[in-house]
Amino acid sequence: MPTACNATKKNSPTDSNNQDFIISDINEEESVLRARFQQWGYLYFKRLIETAECQQMLQTLLNQLAPYIGLDEQQQPILHGQPFFETDPIWDEVYPKIQSLEAFHSFFHQPHVTDLMQKVCGEEVFVYPMKMARISTPGKIGYETPPHQDAHSHNAGPTMAGIWLALHDVPQQLGRVKVLPKSHKKGVRPVFQAQGVGGIQCEIYDDESTWHVSDFEQGDVLIFHSCCVHKAEPNLTENQVRLTIDTRFCDYGAPVFFTNLDPHHGWRIEALNWEYIYKSWGDTALQYYWRDYPNLF
């Protein structure tokens, strides 16, 4: 586990010096990809997941989000009615339905996805049971996900990484995910309370003002180190919605904190547990697959 950084500089919220993501190619040598990951703290792949696969997953989520969210003429998610946010009553109504989707959980266990994870780890990977769907509606500026590190929020070690997928195009106005390049090299940072998803923000040091971010296209994949600081931009549109999915993974055998075995938000939504999630699945292969994992704490 990385140790906390000794720096005492105060948080600096400015990030006016945005630069484009450094683009990686899946066909590059694995050693090149791993070196870039260790240098910058992330890997960004353009249109890595096929359009048809993204569209199918998007529609699968939208089936559970009806009647609150649908598709417009450009096949982009659009809000019907009032905005809602994580932990709101509507969110708590629809999110367990998404969590119960077998296709949602199994997506990250497909060979072409785990092969990508393995290019980062260099060995067999363990995919975290906790899978996340992000529903970003407009209208609540200042409550988007603040800068944070998964090393803190997931109690994770240095070989854990996040993998994030754009199910549709995500331009700036819709609220992109951005990363603080090389921030993983400074270890786990102090945190303090903040508005927004998760309720905490990590320290940003005075010499850190340049963020990496680009407009996402459908199928783009972002992988980031457990100590890489990342955050979400606000959704500034009138009625469009950003829908993305993500999870975490590590090299098999690395320490995994026990709370990562729970369903996302299962700690606060009554009856959102694995029994509820699995009850309508057709295949048992991925049910409770982590029970024999050798290094839980």
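The values are calculated or read from the model by the stated rules, or taken from the named source; none is laboratory data. Please read these numbers as outputs of a predicted model, since none were measured by experiment. Glycine gets a Cβ as well: all are built from the backbone with ideal geometry, and neighbour counts include every protein chain shown. Side chains are part of the model used for accessible areas, which takes the heavy atoms of the whole protein and leaves out ligands, DNA and RNA. Shrake-Rupley method; radii C 1.70, N 1.55, O 1.52, S 1.80 Å.
Comparing 151, 35, 285 in a Gaussian network model of the chain, where Cα atoms under 10 Å apart are tied by springs, the biggest mean-square fluctuation is seen for 285. Taking a point 7 Å from the Cα of residue 112 along the Cα-to-Cβ direction, none of the residues of region 63-77 has its backbone N closer than 16 Å to it. Centre-to-centre, using Cα atoms only, region 147-198 and region 236-297 are separated by 18 Å.
Legend: residue pairs 46/131; 97/182; 46/97; 46/231; 119/182; 46/279, Cα-Cα distance threshold 26 Å; pairs beyond threshold, 97/182; 46/97; 46/279.
Compare the peptides 214-226, 170-182 by average per-residue count of other Cβ atoms within 10 angstrom and give them in order, highest first.
Output ranking for 214-226, 170-182: 214-226, 170-182.
Bridgeable aspartates and glutamates around residue 140 (alpha carbons under 13 Å apart, same-chain partners fewer than 8 residues away excluded): 86, 88, 233, 238. Sorting 78-86, 274-282 by their mean Cβ neighbour count within 10 Å, with the most densely packed peptide first, gives 78-86, 274-282.
Explain nothing, just the number: relative contact order of the chain, from Cα pairs under 8 Å at least 6 residues apart, as a whole percent.
30
Here region 125-262 has 50 percent of its accessible surface on carbon and sulfur atoms, given a 1.4 Å probe and all protein chains in place.
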